[in-house]
Amino acid sequence: MAKIAQDTVAGVFYSGKFEDGEVFDTNEGGEPLSFLVGHRQMISGFEEELIGAKVGDKRTFTLSPNRAYGERNEDLFQTVNKSVFGPNAPLEVGMSSYAQTENGGTTMFTITEIDGDDVTVDFNHVMAGKTLVFSVEVVDVRDATAEELSHGHAHGRGSGNNHSSKSESCGTGCGCH
Ligand code: ZN
């Protein structure tokens, strides 16, 4: 029976929780999630814990931040003048928004403090610094197609990628096209 390994496509149901038990993400009761293993589609620890699993296997594992979204980095806090947000921006502590990066991509930030005209923003990933507990059930394992390997992601049901040619947009923001 096929086992999850580099260059296979795995289909899973999963629930992700924080240490306090709060569920932050799950697809149970919906469609399985399909992903290409070993191509950075998923956080590294998630894939590592599933290597060798086969259809029907259930695994529960805890990922410390270094195997999930990374530690929080204090260098990713920045204080900027209110005016950079434009005259009509509704600024509020806790608000998240997107900023343009130098290379033309986007990055998410969260406002952590507003002091007069000084606005402190945090560019850490919202999941940075969190320990995550996953419960995963494997429902499909197959070899990836040559096309999936060239794109660097799974195609078909549950993958979020139903295009058939590389010229079509992925819609995943993976930057492979
Ligand atoms: Zn593709």
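Taking the stated definitions as given, is V80 more than 23 Å from the chain's Cα centre (by Cα), away from the ligand (no atom under 16 Å from the Cβ) and more than 28 Å from E22 (Cα to Cα)?
yes
Among all residue pairs at least 6 apart or on different chains, which show Cβ distances below 8 Å where the first residue, located in segment 1-21, is in contact (Cβ under 8 Å) with a residue 12 or more places away in the chain and the second is assigned to a loop (DSSP other than H, G, I, E, B) and of a type in the set (S, T, Y)?
Partner pairs satisfying both residue conditions: V9/S159; F18/T131; E19/T131.
Filter segment 91-125 down to the residues that are out of contact with any Leu (no Cβ under 8 Å at 6 or more places or on another chain) and β-branched (V, I, T), then identify the one that is farthest from Q78 (Cα to Cα).
Looking at the filtered set, the residue picked out is T106.
Here, each number is a calculation from the coordinates, and none is a lab measurement. Source: prediction; values computed, not measured. When we count neighbours, we look across all protein chains shown, and the Cβ atoms used for this are built from the backbone with ideal geometry, even at glycine.
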